[in-house]
1. Which is touching a residue at least 40 places away in the same chain (Cβ under 8 Å), within 15 Å of the chain's Cα centre (by Cα) and assigned to a helix (DSSP H, G or I), of 223, 240?
2. Can you name every residue in region 141-163 that is buried (at least 16 other Cβ atoms within 10 Å of the Cβ) and in contact (Cβ under 8 Å) with a residue 12 or more places away in the chain?
3. Give 247, 253 a once-over and let me know the one that is out of contact with any strand residue (DSSP E or B) (no Cβ under 6 Å at 6 or more places or on another chain) and within 27 Å of residue 156 (Cα to Cα).
4. With the requirement that a residue be in contact with a helix residue (DSSP H, G or I) (Cβ under 7 Å, 6 or more places away or on another chain) and farther than 21 Å from residue 86 by Cβ, what does region 16-47 give you?
5. Kindly indicate whether residue 55 is closer than 28 Å to residue 112 by Cβ and in contact (Cβ under 8 Å) with a residue 12 or more places away in the chain.
6. Those residues that are part of a helix (DSSP H, G or I) and more than 18 Å from residue 283 (Cα to Cα), I need them from region 195-213; list them, please.
7. Does residue 252 satisfy the criteria of being assigned to a helix (DSSP H, G or I), in contact with a helix residue (DSSP H, G or I) (Cβ under 8 Å, 6 or more places away or on another chain), surrounded by fewer than 16 Cβ atoms within 10 Å (Cβ to Cβ) and on the phi < 0 side of the Ramachandran plot?
């Protein structure tokens with residue numbers, strides 16, 4: 001996204017606007033698919049066959065137990081994590097795009113490998129920065145013994161120690177590199193192809209949604225088995241001691257290769273593209289708004305104040 005030349009955008013403006021836009025975009029996307037996300041986590045962490053009738057049964061059971069708000073149980077933990085996560089991820093991605101010179105202003109000399117690297121590094125930093133919050137979200141989603149986010153931290157540290165909040169950290173980092181890399185690479189590549197065909201950066205929101213959906217589809221499919229591994233290590237005793245390979249072997253032995261490591265992938269193909277499409281589209285539009293309206297307003301106000309003082 002190029003609103004004005006980089007020479008006119010200061011470093012602080014680039015960071016602040018991308019942080020704000022990223023936080024809002026992440027919150028919107030995750031709230032929209034929270035019931036499906038909770039369902040996915042539940043089946044990922046249970047030795048149960050994943051079928052759409054089973055998904056419907058789980059959703060109806062959750063609704064009957066505590067009402068419709070139960071479908072969003074754990075969403076407070078999700079927001080506590082996703083707001084800083086998305087803010088850091090998008091802001092980092094903007095910084096890495098600039099540092100790695102991913103693209104020029106005319107977008108005709110883009111570097112695909114640099115685009116993948118920028119996305120991977122952004123995903124790595126945001127994940128490492130907010131990982132304990134991801135563990136807390138997963139535990140709240142699958143266990144009713146945790147009524148609040150603070151209780152997850154208190155009980156987890158008291159019972160299993162501080163390091164229990166970092167269970168599954170290694171497979172998560174291994175998974176986020178291809179996921180974030182492919183997601184950002186796909187999205188930026190599709191936008192560049194749109195520019196090559198139409199000759200401008202004014203992309204309709206529906207096209208942005210479509211590009212984001214495709215990015216989410218490719219990114220999540222590439223890293224899904226590691227997502228299964230990290231959820232088992234985060235939420236169930238015994239898996240963290242097995243490590244990545246040991247957890248994979250256990251899942252395959254007990255549930256099979258496809259039914260174990262790809263359990264819930266079809267649901268991810270529904271919720272993933274929706275979430276990523278909303279997130280990427282929201283970020284681009286909010287970021288553009290902040291750069292073209294908010295910053296210009298601040299600058300004009302500052303100029304007026306300086307003139308009045310003179």
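1. Numbers: 240 fails: within 15 Å of the chain's Cα centre (by Cα).
Matching residue, one of 223, 240: 223.
2. Of all residues in region 141-163, those buried (at least 16 other Cβ atoms within 10 Å of the Cβ) come to 141-142, 146, 149, 152-153, 156.
Answer for region 141-163, where residues must be buried (at least 16 other Cβ atoms within 10 Å of the Cβ) and in contact (Cβ under 8 Å) with a residue 12 or more places away in the chain: 141, 142, 149, 152, 153, 156.
3. Result of the check over 247, 253: 247.
4. Within region 16-47, 39, 42, 44, 45, 47 qualify.
5. Against the criterion (closer than 28 Å to residue 112 by Cβ and in contact (Cβ under 8 Å) with a residue 12 or more places away in the chain), residue 55 does not qualify.
6. Those that are part of a helix (DSSP H, G or I) and more than 18 Å from residue 283 (Cα to Cα): 195, 196, 197, 198.
7. So residue 252 fits the description; yes.
Residue by residue, here is whether (1) under 21 Å from the mean Cα position of the chain (by Cα); (2) closer than 17 Å to residue 83 by Cα holds:
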{"residue": "125", "(1), (2)": "yes, yes"}
{"residue": "143", "(1), (2)": "no, no"}
{"residue": "152", "(1), (2)": "no, no"}
{"residue": "155", "(1), (2)": "no, no"}
{"residue": "164", "(1), (2)": "no, no"}
{"residue": "168", "(1), (2)": "yes, no"}
{"residue": "173", "(1), (2)": "yes, no"}
{"residue": "177", "(1), (2)": "yes, no"}
{"residue": "184", "(1), (2)": "yes, no"}
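The values are calculated or read from the model by the stated rules, or taken from the named source; none is laboratory data. These figures come from a predicted structure and were not determined experimentally. FYI the Cβ positions are ideal-geometry reconstructions off the backbone, even for glycines, and counts take in every protein chain you see.
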